[in-house]
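Student: Have a look at this one.
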Amino acid sequence: MAGRPRAAEPQVIDEPRESEDARHCASLNAYGSYLYGQGRWEEARAVFIKASSVLPEDDVTRKNLAVASSACGLNNEAIEILAGLVDRFPEEASLHNSYGLVLHNAGRLEEAGTEFAQAAELAPTEYMFWHHKGTNALAQHKTSAAIAALARAIALPGAAPACYYNLAMALGAAGETERATMFLQKAIALQAEDPELLVRVSRIMNGWGRSATAIECMRAFVRSGRRSREVEALLSELLADG
């Protein structure tokens with residue numbers, strides 16, 4: 001009886017190898033992302049470099065490597081990688097956003113603003129893209145543009161406390177401290193378990209001449225049963241000043 005043709009054998013061998021590499025690369029990316037989330041940026045970058053050696057042309061790995069490299073201060077490397085990805089995938093909003101963040105971190109604020117604007121245009125329902133557009137405008141002292149973008153961010157589902165905080169900063173820069181104070185209170189309400197935020201916000205309110213509101217926010221924190229030496233010290237300080 002004739003045996004199976006040998007010409008069929010390489011197809012059976014190659015496909016599992018390719019899948020194995022893809023699985024290994026995905027596993028490394030998942031671990032690198034975990035490390036990055038823990039603030040262990042150099043370790044994360046090393047893992048992404050290892051993933052790149054498994055699948056050198058994998059776009060997810062390249063993006064992750066760029067983000068980690070930027071966090072490690074290697075902005076030129078990150079910019080080069082992301083510039084290439086954006087050129088290849090010009091309709092991918094998240095790439096424009098990541099590229100904008102790297103450019104912003106490198107101090108190239110105007111270029112970053114262009115990328116954030118592109119991300120927001122491509123995905124107008126993503127609050128984070130508007131948030132980054134707004135904070136970038138604020139860094140450039142473009143107060144009106146910052147207010148407009150950050151107001152758009154908080155109008156979208158899932159807006160984080162940072163959106164309200166930064167909108168307050170933009171309004172404060174414009175001299176609208178009454179509205180700004182309202183948004184600071186909203187930021188506190190959304191992150192009620194964060195005494196560090198409360199202290200920072202209370203100092204800002206006090207600096208705007210709204211110490212009564214700051215005192216009431218801290219009293220509410222104390223009444224809730226939460227404890228913080230920093231909150232209690234600032235509350236005592238403001239009460240003494242009053």
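Throughout, read-outs are computed from the coordinates displayed, never taken from laboratory work. Remember, it's a predicted structure, so these values are computed and weren't measured experimentally. A quick note on method: Cβ atoms are made from the backbone with ideal geometry, for glycine too, and the neighbour counts reach across all protein chains shown.
Student: Place a +1 charge on the Cβ of each Lys and Arg in region 75-141 and a -1 charge on the Cβ of each Asp and Glu, then give the dipole magnitude about the Cα centre in debye, rounded to the nearest 20.
Tutor: Around 200 debye, computed over region 75-141.
Student: Report the FRET efficiency, 1/(1 + (r/R0)^6), for residue 190 and residue 241, where r is their Cβ-Cβ distance and R0 is 30 Å, rounded to 0.05.
Tutor: Calculated transfer efficiency: 0.60.
Student: Projected onto the charge dipole of the chain (+1 at Lys/Arg Cβ, -1 at Asp/Glu Cβ, origin at the Cα centre), which of 188, 26, 86 gives the Cα projection farthest towards the positive end?
Tutor: Farthest towards the positive end: 188.
Student: I've got another one for you. Please give the charge dipole size of the chain, origin at the Cα centre, charges +1 on K and R Cβ atoms and -1 on D and E Cβ atoms. Round to the nearest 20 debye.
Tutor: Magnitude of the dipole: close to 800 debye.
Student: Right, here's the next one. Please state the charge dipole magnitude for region 30-124, taken about the Cα centre, from unit charges on C-beta atoms (+1 on K and R, -1 on D and E), reported in debye and rounded to the nearest 20.
Tutor: Approximately 380 debye in magnitude.
Student: Here is a further query. Name the residue from 123, 202, 146 whose Cα lies farthest towards the positive end of the charge dipole of the chain, charges +1 on Cβ of Lys and Arg and -1 on Cβ of Asp and Glu.
Tutor: Working it through, the farthest residue towards the positive pole turns out to be 202.
Student: Ok, one more. Multiply the residue gap between residue 219 and residue 21 by 0.36 nm, knock off their C-alpha separation, and tell me the result in nm, one decimal place.
Tutor: Once the chain is fully extended between residue 219 and residue 21, it gains 65.6 nm.
Student: Shifting gears a bit: Take a quick pass over the chain and tell me how many lysine pairs come in under 23 angstrom between Cα atoms, counting only ones 8 or more apart or on separate chains.
Tutor: For the chain, the number of qualifying lysine pairs is 4.
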